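Asks: I have a structure here, written as structure tokens, and I will follow up with some questions on it.
The values are calculated or read from the model by the stated rules, or taken from the named source; none is laboratory data. Nothing here was measured: the structure is a model prediction, and the numbers come from that model. Heads up, the Cβs are rebuilt from the backbone with ideal geometry, glycines too, and the neighbour counts pull from every protein chain shown. Only protein heavy atoms, including side chains, enter the accessible area calculation; ligands, DNA and RNA are left aside. Shrake-Rupley method; radii C 1.70, N 1.55, O 1.52, S 1.80 Å.
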Amino acid sequence: MAQEHDRLSLFDRWAAKYDQAVRGAAGFPFAGYDRVLGAVFRAARVQQGMRVLDVGVGTGHLARLFLDAGCQVWGVDVSTKMLAQARQRLPGVRLVRADLTRRLPEEVRVGFDRIVSTYFFHEFPMTEKVALITRLTDHALNPGGFLVVGDVGFPDRKAFELAREHWAREWDEEAFYWVGDEAVRALEQAGFDAVYTQVTVSAGVLVIRPGRPSASD
């Protein structure tokens with residue numbers, strides 16, 4: 001619990017400087033930040049009027065892309081101060097404060113055509129990643145919908161270890177960065193179809209589709 005509180009405090013403290021830290025960043029882990037957001041947006045293949053949930057909305061850069069495309073957008077985050085920044089950028093977006101590692105709040109059980117996320121899931125080990133993706137699929141995703149996740153990641157374990165050595169000073173040992181092929185296997189074992197694509201030197205995109213019907217709730 002103390003570690004969770006420390007991570008939350010970190011995000012609250014970081015909120016005011018987050019945009020400056022990630023936009024145009026040249027180093028690990030945010031190099032190519034806007035390219036990753038663009039890749040997630042394109043992979044989502046949205047149409048005007050679709051309902052989109054941004055998980056870990058942060059200050060709202062990804063959600064803004066979907067709002068500008070004419071989607072109905074919800075955003076959820078655990079950090080009050082991140083959400084305060086997002087409210088300034090996202091008029092009309094429904095923003096919810098919640099810890100998604102626990103029960104999904106009713107505000108996000110409305111049925112979404114797409115669930116998207118960037119730079120959020122690396123906070124959790126693989127078992128918790130899969131559990132959250134399963135929970136979102138079962139209780140928040142419309143039939144025919146899918147998830148798109150952009151995050152710090154590498155195609156395989158060898159690339160992961162080389163990156164860990166190369167960026168040793170910047171590497172966050174408390175984070176759980178993605179290993180693409182391992183993630184695909186874990187998701188397939190949980191009943192999903194998943195494809196991982198490397199986008200930058202330190203980030204990739206996962207497209208995750210239910211391999212079975214979503215449960216009604």
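Asks: Return yes or no: is T101 open to solvent by 50 Å² or more (accessible area, probe 1.4 Å), polar (S, T, N, Q), in contact with a helix residue (DSSP H, G or I) (Cβ under 9 Å, 6 or more places away or on another chain) and touching a residue at least 24 places away in the same chain (Cβ under 8 Å)?
Replies: Yes; evaluated as a whole, the condition is true for this residue.
Asks: Kindly establish whether D151 is open to solvent by less than 70 Å² (accessible area, probe 1.4 Å) and outside any strand (DSSP E or B).
Replies: No.
Asks: Right, here's the next one. Here are A163, A168: which of them is in a helix (DSSP H, G or I) and small (G, A, S)?
Replies: Values: A168 fails: in a helix (DSSP H, G or I).
That would be A163, the only listed residue that is in a helix (DSSP H, G or I) and small (G, A, S).
Asks: Might you check whether a residue that is part of a loop (DSSP other than H, G, I, E, B) and open to solvent by 30 Å² or more (accessible area, probe 1.4 Å) occurs anywhere in the stretch 31-40? I'd like the intermediate steps shown before the answer.
Replies: Within the stretch 31-40, the subset part of a loop (DSSP other than H, G, I, E, B) is 31-32.
From what is left, the residues that are open to solvent by 30 Å² or more (accessible area, probe 1.4 Å) are none.
Within the stretch 31-40, none of the residues are part of a loop (DSSP other than H, G, I, E, B) and open to solvent by 30 Å² or more (accessible area, probe 1.4 Å).
Asks: Give the residues of the stretch 157-180 that are surrounded by fewer than 13 Cβ atoms within 10 Å (Cβ to Cβ) and in contact with an Asp or Glu (Cβ under 8 Å, 6 or more places away or on another chain), sorted by residue number. Show your work before the answer.
Replies: Let us first name the residues in the stretch 157-180 that are surrounded by fewer than 13 Cβ atoms within 10 Å (Cβ to Cβ), namely 157-158, 161-162, 165, 168-170, 173-174.
Listed by number, the list holds a single entry, R157.
Asks: Answer yes or no: is there a residue in the stretch 175-183 that is in a helix (DSSP H, G or I), hydroxyl-bearing (S, T, Y) and in contact (Cβ under 8 Å) with a residue 12 or more places away in the chain.
Replies: The answer is no; no qualifying residue exists.
Asks: To continue, here is another question. Taking V46, is it modelled with pLDDT of 95 or more and among the hydrophobic types (A, V, I, L, M, F, W, C)?
Replies: Yes.
Asks: When you look at V205, is it touching a helix residue (DSSP H, G or I) at 6+ places or on another chain (Cβ under 6 Å), open to solvent by less than 30 Å² (accessible area, probe 1.4 Å), among the hydrophobic types (A, V, I, L, M, F, W, C) and closer than 18 Å to V55 by Cα, yes or no?
Replies: So V205 fits the description; yes.
Asks: Considering each of G144, G111 in turn, give the residue that is on the phi > 0 side of the Ramachandran plot and surrounded by 15 or more Cβ atoms within 10 Å (Cβ to Cβ).
Replies: Just one listed residue meets the conditions, G111.
Asks: So, in the stretch 102-146, how many residues would count as being of a type in the set (D, E), within 16 Å of the chain's Cα centre (by Cα) and within 16 Å of G56 (Cα to Cα)?
Replies: Looking only at that region, the number is 2.
Asks: Can you pull out every residue in the stretch 118-127 that is surrounded by 14 or more Cβ atoms within 10 Å (Cβ to Cβ) and either over 15 Å from A175 (Cβ atoms) or of a type in the set (F, W, Y) (or both)? Show your work before the answer.
Replies: Step one: of the stretch 118-127, the residues surrounded by 14 or more Cβ atoms within 10 Å (Cβ to Cβ) are 118-124, 126.
Of everything in the stretch 118-127, those that are surrounded by 14 or more Cβ atoms within 10 Å (Cβ to Cβ) and either over 15 Å from A175 (Cβ atoms) or of a type in the set (F, W, Y) (or both) turn out to be Y119, F120, F121, F124.
Asks: A follow-up question, please. Do we have any residue at all in the stretch 131-141 that's touching a Lys or Arg at 6+ places or on another chain (Cβ under 6 Å), under 16 Å from G211 (Cβ atoms) and assigned to a strand (DSSP E or B)?
Replies: No - not one qualifying residue is present in the stretch 131-141.
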